[in-house]
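Novice: Here it is, the structure, as structure tokens.
Rule-based calculations on the coordinates, nothing more; no lab input. The structure displayed is predicted, hence computed values, not measured ones. Positions of Cβ are generated from backbone atoms using ideal geometry, with glycine treated the same way; all protein chains shown enter the neighbour counts.
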Amino acid sequence: MIVLVVGGAGYIGSHAARTLRQRGHDVMIYDNLSTGHEFLASGFELVRGDIADLVKLSAALRRVDSVMHFAAHAYVGESVENPRKYFRNNVESGLALLNACLDCGVRRVIFSSTCAVYGIPVKIPISEKNPRQPVNPYGVTKLFFENALEAYDRAYGLRFASLRYFNAAGADESGEIGEVHDPETHLIPSALLAATGARRELELFGTDYPTPDGTCIRDYIHVNDLADAHVLALEHLARGADSMAVNLGAGRGYSVKEVLTKIEEVSGLKVPVRLAGRRAGDPPALVADPSLAEKLLRWKAMRTLDDIVATAWKWMQRQSTRALSP
Ligand SMILES: NC(=O)c1ccc[n+]([C@@H]2O[C@H](COP(=O)([O-])OP(=O)(O)OC[C@H]3O[C@@H](n4cnc5c(N)ncnc54)[C@H](O)[C@@H]3O)[C@@H](O)[C@H]2O)c1
């Protein structure tokens, strides 16, 4: 297949682009580099453009048969403070992309959705049957796009996979690409930055949750396991399968304290921690029931928390060498 990876100069998209190529597909990347990085797309044809730029986007879409759509703003807190920015990019520009796909004859779209569409889950582990009731504007924008995909499937035969990621983490085993967010808010890179002294401390939000050690439990999924699922979903659709919405998680949760212990074990460094209060809207536990993805895609998360932390650590060390080299 010939795939346009929209947002492919970002963290998850760049890993998916490599996996697509390894599986023999042709890849083109489309990205406005707002939060992405040219070096993450190196080795690929990169069209630098915004998804709201119809002329540029349509020219790229006419050259492909499928789209993977990673482009979005993705900070929950910022979406509460500045929802306009989120509705503009994730909904308005997202719809422009979807319409351009139809107009240019693209009939397969793989979409980066999120467990945030579930809001506060009624049952753990979270299956796809959990009601979708997002509790922040970011989750609302993702749910809107999922709904648009469902309507476009029914009306226009656009086949899609909405992939609801849990906590993406880790880096490519090569050490060549990995997570680069600014600001970095995700637990594992934030803790590694604190361990190396690049950040003063790690803020630990809440130690009085109803969990065994009082800290929040999350489901960490290696970015290359996510990338594998994207390619499998696309190939599944190409074989004529129905559209789908599935969870992508490991199906196992780790508390913040457990992750910090693993980070100290792998890096050999101490993570300086400052205890802070709970963050509004943080559920005590978010763990996926990934059985639907396993059934439909014959996919399972293969990499462990050890693999996640080890690759993230390798990537961070590589990054600091890159920053120091002339
Ligand atoms: N990282 C996670 O744990 C996680 C979890 C659930 C869902 N997601 C979703 O996965 C996707 C990718 O996340 P990520 O962590 O790789 O983020 P990222 O910021 O690294 O990647 C997003 C990419 O999209 C590009 N982009 C954004 N708006 C654009 C626009 N209007 N036109 C063109 N390009 C644009 C950015 O420049 C960036 O390269 C996002 O849609 C996010 O909501 C991420």
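Novice: Nearest 500 deg cm²/dmol is fine: what mean residue ellipticity at 222 nm does the chain get from its DSSP H runs of n ≥ 4 alone, each adding -39,500 (n - 2.57), divided by its residue count?
Specialist: -11500 deg cm²/dmol
Novice: Under 16 Å Cα to Cα from K85, which lysines show up? Leave out anything in the same chain fewer than 8 places away.
Specialist: K85 reaches K142.
Novice: Round to the nearest 10 and give me the degree value, 0 to 90, for the angle of helix 223-238's Cα axis relative to the longest principal axis of the chain.
Specialist: That works out to roughly 20 degrees.
Novice: Could I ask something else about it? If the label point is 7 Å along Cα→Cβ of R274, which residues in the range 194-234 have backbone nitrogen under 13 Å from it?
Specialist: 194, 199-205
Novice: Further, regarding this structure: Report, in listed order, any pair from K129/K262; K123/K262; K257/K314; K56/K314 with a Cα-Cα distance greater than 29 Å.
Specialist: K129/K262; K56/K314
Novice: Where does helix 305-324 land angle-wise versus the long Cα axis of the chain, in degrees 0 to 90, nearest 10?
Specialist: 90 degrees
Novice: Sticking with this structure for a sec: Before anything else, pin down the relative contact order of the chain: Cα pairs under 8 Å, at least 6 apart, normalised by residue count, whole percent.
Specialist: Details: 654 pairs, mean separation 60.2, N = 326.
Once normalised by length, the contact order is 18 percent.
Novice: Also: Taking the chain as the reference, fit the longest principal axis to its C-alpha atoms, fit the long axis of helix 11-22 to the helix C-alpha atoms, and give the angle between the two in degrees, 0 to 90, nearest 10.
Specialist: Compared with the principal axis, the helix lies near 60 degrees.
Novice: Give me K257, K85, K142 sorted ascending by neighbouring Cβ count inside 10 Å, so fewest comes first.
Specialist: K85, K257, K142
Novice: Next question. Using a 10 angstrom cutoff on alpha carbons, build the Gaussian network for the chain and name the most mobile of I124, I217, I29.
Specialist: I124
Novice: Report the residue, chosen from D213, D172, D225, that carries the largest GNM mean-square fluctuation when the chain is represented by alpha-carbon nodes joined by springs under 10 Å.
Specialist: D213
Novice: If you rank M244, M316, M302 by fewest surrounding Cβ atoms within 10 Å, what's the result?
Specialist: Ordered from fewest to most neighbouring Cβ atoms within 10 Å, M244, M316, M302 come out as M302, M244, M316.
Novice: Here is a follow-up. Once phi is turned into ³J(HN,Hα) by the Karplus curve 6.51 cos²θ - 1.76 cosθ + 1.60 with θ = phi - 60°, what whole-Hz value does each residue of the range 72-82 show in order, with x for glycine and proline?
Specialist: Going residue by residue, I get 5, 8, 9, 9, 4, x, 5, 5, 6, 6, 9 Hz, with x marking Gly and Pro.
Novice: How large is ³J(HN,Hα), in whole Hz, for each residue of the range 211-216 in order, when computed from phi with the Karplus curve 6.51 cos²θ - 1.76 cosθ + 1.60 and θ = phi - 60°, using x for Gly and Pro?
Specialist: Coupling constants for the range 211-216: 10, x, 10, x, 9, 5 Hz.
Novice: Here's another thing I want to ask about it. Evaluate E = 1/(1 + (r/R0)^6) for L33 and T185, where r is the Cβ-Cβ distance and R0 equals 25 Å; express this FRET efficiency to the nearest 0.05.
Specialist: The value I calculate is 0.80.
Novice: Please state, rounded to one decimal and in Å, the Kirkwood hydrodynamic radius that the range 1-156 gives when every pair of distinct Cα atoms enters the mean of 1/r.
Specialist: Values: mean 1/r = 0.0624 Å⁻¹.
It works out to 16.0 Å.
Novice: What nm distance separates the two modelled labels at D242 and K129, each placed 7 Å from Cα along Cα→Cβ?
Specialist: 1.6 nm
Novice: Follow-up question, since we're still on this one. What FRET efficiency comes out for the pair D153/E203, r = Cβ-Cβ distance, R0 = 45 Å, nearest 0.05? Display every interim value, and only then the final one.
Specialist: Values: r = 42 Å, r/R0 = 0.93.
Efficiency for this residue pair is about 0.60.
Novice: Let me ask you something else. Lys and Arg at +1, Asp and Glu at -1: add these up for the other residues within a Cβ distance under 14 Å of A60 and post the number.
Specialist: Summing Lys/Arg as +1 and Asp/Glu as -1 gives -3.
Novice: Looking at the chain, what % of its DSSP beta bridges pair antiparallel, to the nearest 5?
Specialist: That works out to approximately 5 percent antiparallel.
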